[in-house]
1. Any residue in the stretch A:320-335 that is out of contact with any strand residue (DSSP E or B) (no Cβ under 9 Å at 6 or more places or on another chain) and either of a type outside the set (Ser, Thr, Tyr) or modelled with pLDDT under 95 (or both)?
2. Go through the stretch A:154-195 and give me each residue that's without any contact (Cβ under 8 Å) to a residue 40 or more places away in the chain and more than 17 Å from A:Val293 (Cα to Cα).
3. Test of understanding: among A:Ser100, A:Ser78, A:Ser117, A:Ser74, which residue is among the hydroxyl-bearing types (Ser, Thr, Tyr), within 14 Å of another protein chain (Cβ to nearest Cβ) and touching a Phe, Trp or Tyr at 6+ places or on another chain (Cβ under 8 Å)?
4. Can you find a residue in the stretch B:11-24 that is within 14 Å of chain A (Cβ to nearest Cβ) and either more than 30 Å from A:Gly314 (Cβ to Cβ) or surrounded by 15 or more Cβ atoms within 10 Å (Cβ to Cβ) (or both)?
5. Considering only residues that are crowded, with 24+ Cβ neighbours inside 10 Å, over 17 Å from A:Gln86 (Cβ atoms) and without any contact (Cβ under 8 Å) to a residue 40 or more places away in the chain, which ones fall in the stretch B:96-132?
6. Hey, among A:Gln242, A:Gln234, which residue is of a type in the set (S, T, N, Q), away from every other protein chain (no Cβ under 14 Å) and not in a helix (DSSP H, G or I)?
7. Criterion first (assigned to a loop (DSSP other than H, G, I, E, B) and out of contact with any Leu (no Cβ under 6 Å at 6 or more places or on another chain)) does A:Glu137 satisfy it?
8. Out of everything in the stretch B:85-97 that is assigned to a helix (DSSP H, G or I) and either more than 9 Å from every other protein chain (Cβ to nearest Cβ) or under 22 Å from A:Ser40 (Cβ atoms) (or both), what residue ends up being modelled with the highest pLDDT?
There are 2 protein chains.
Amino acid sequence: MEKEVTIYDIAKILEISPATVSRALNDHPAINSKTKVLISAKAMEMGYRSNTFASNLRRRSTNTLGVIVPRLNSHFMSAVLAGMEQEANESGYNLLISQSLESAKKEISNAKTMFNSRVDGLMASVAYDTETFEHFENFIKKGVPVLFFDRIIDHPKCSGVAIDNVLAGYEVTSHLISQGCRRIMHVTGNLKRNVYSGRLKGFQNAVLEHGLKLDDDLVVVTDLSQEAGKFVAQRISEMEFQPDGIFISNDLCAVTCMKALKEKGYLIPDDIAVVGFNNDPVSQVIEPNLTTVYYPGQQMGEVAVRSLINHLKGTQPIDVSETIILRSELIIRGSSTKMAVSY
Amino acid sequence: MEKEVTIYDIAKILEISPATVSRALNDHPAINSKTKVLISAKAMEMGYRSNTFASNLRRRSTNTLGVIVPRLNSHFMSAVLAGMEQEANESGYNLLISQSLESAKKEISNAKTMFNSRVDGLMASVAYDTETFEHFENFIKKGVPVLFFDRIIDHPKCSGVAIDNVLAGYEVTSHLISQGCRRIMHVTGNLKRNVYSGRLKGFQNAVLEHGLKLDDDLVVVTDLSQEAGKFVAQRISEMEFQPDGIFISNDLCAVTCMKALKEKGYLIPDDIAVVGFNNDPVSQVIEPNLTTVYYPGQQMGEVAVRSLINHLKGTQPIDVSETIILRSELIIRGSSTKMAVSY
């Protein structure tokens, strides 16, 4: 590899002092703009790289934020990452991104890598089966802020960004009840995760509040995959007392379930009303269009990065944890509209 | 911030030599495994961070690969990134990810950041309006390999990973012709980009080969957004000589166009057959299901990273450029099946 170009090399070629070169490249007011342009042009021509890397080592800062997500290839997560990248980029931070593939083991290994890469801050949405907090403990000890988003771990030293999952679950279920549903099934993910346990809680609150019966048979824990959607449709068709409404915590899973139910001859929403979650593009393509909950992914990414950078800049004290709750929104469409809705 | 824990601190506490600590942490065979476990546990407890960062500075390597994509929030790109992350992670590399938001200006700024962060290699899929190569030139000069994927720039010093876009466009168009279409519209993106110019070329080849007429009115350049899909449907409805088939270079755009055409009373595929591109989940939800081209996104990501790492390890010489062509596949579904298909 070629030798690194230094400010001394540039100074020598331009026959000026290294101090002038350094000042020009750092946009120092003592250097006139013509000289700055000249020096910058020469620096670029010679392939000079600013000493961010070395100065980061001195400052013990890398201007890099780490992100660990369960999966990169989900519509919701790609919206979150788009928001994070935009906000980070505008603030001069880079994003180091990794995925746990829903495995706690890989998440622990990802955290270790992030730790050794000396990220200035870490953002994480935890895997399905994460049980411990240990792999985040080292960051806290070093004063590196950890922020959880979407799937959060409640920890006194960590901030979080989430929606009110209990409220969202309550709103979905209340809507189904307002449409005449009396026997509602809830299809959810691993209840260790706040997003799923919260929505279940909201579901249960709504059912009880309206004087309906909670039935264990009507809560189905799955991995919310497309296969799970088919499985649920099959299970429903085999039930003696079938539900008249379903609330599924993921749009792709809900759409696959709807397709399978339609193939089995069920009318949507007349026989069974269906509601999903996330407002994925598929929700507006399935017929009838899927009622769902708008989840502000891009905004969640922006807020997470902004909050973390404020911590780093000292605008927010680093050891005060807070949970930022973003607004979700029920979007009512044809898949659940059994009668004229009045709110 | 707390003082960094060193091997000397660990040695002092355990009352052993720093050399033993260093060897144990580097898994040296001279140290027995019981001692290794003891030392590793203490190191973890004390919050020791391996000196990757400092040693990277010495080795002038960061074990980090940079990625610049047009947009993070697209189904195709999230599949590519999932493949890249998996492959990079398995090889001990980190991914620094940024998005150009389809702007050459932001792409240039992203490239500069990647350059100053001293990525070991760069992967890029270029923005809609990128015209120059200059911002990648500095990497080449430094011996940092640059690999383009999907939207590639043909450059003697850079490798690329792509599909055969000419072939894919040819196959789609030939299929439409085999279904009886005689007046086929092609909706595409900015023709500066290889992916779009290639598919157009394939489209033209098929049209000419089958003795049909090329008509400028039937090639529509858009940004392939969902709005563009609605615009195309409106334009078709206003045409005197309407097409009997459409090939749209993006599934989300195609699905929106299909929905708008259906609302206007067109029968799909009888009045107009439709084919998309990418095999996005929406293609299996729209009715009739959308014929499309399977684009191996995850595989493209894996191959790009593997190829770049092989360059870095010297398995492949660093200045030999190559273009790896992955297989795409036409998936025939109801939106284009006017008659029994025989291949």
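The values are calculated or read from the model by the stated rules, or taken from the named source; none is laboratory data. Values in this document were obtained by computation on a predicted structure and should not be read as measured data. Here Cβ is always computed from backbone atoms with ideal geometry, including for glycine, and neighbour counts include all displayed protein chains.
1. Within the stretch A:320-335 (the criterion being out of contact with any strand residue (DSSP E or B) (no Cβ under 9 Å at 6 or more places or on another chain) and either of a type outside the set (Ser, Thr, Tyr) or modelled with pLDDT under 95 (or both)), the answer is no, since none of the residues qualifies.
2. Within the stretch A:154-195, A:Leu191 is the sole residue that qualifies.
3. Unique residue meeting the criteria: A:Ser117.
4. No, there is no match, as no residue in the stretch B:11-24 is within 14 Å of chain A (Cβ to nearest Cβ) and either more than 30 Å from A:Gly314 (Cβ to Cβ) or surrounded by 15 or more Cβ atoms within 10 Å (Cβ to Cβ) (or both).
5. Answer for the stretch B:96-132, where residues must be crowded, with 24+ Cβ neighbours inside 10 Å, over 17 Å from A:Gln86 (Cβ atoms) and without any contact (Cβ under 8 Å) to a residue 40 or more places away in the chain: there is none.
6. A:Gln242
7. no
8. Here the residue is B:Glu87.
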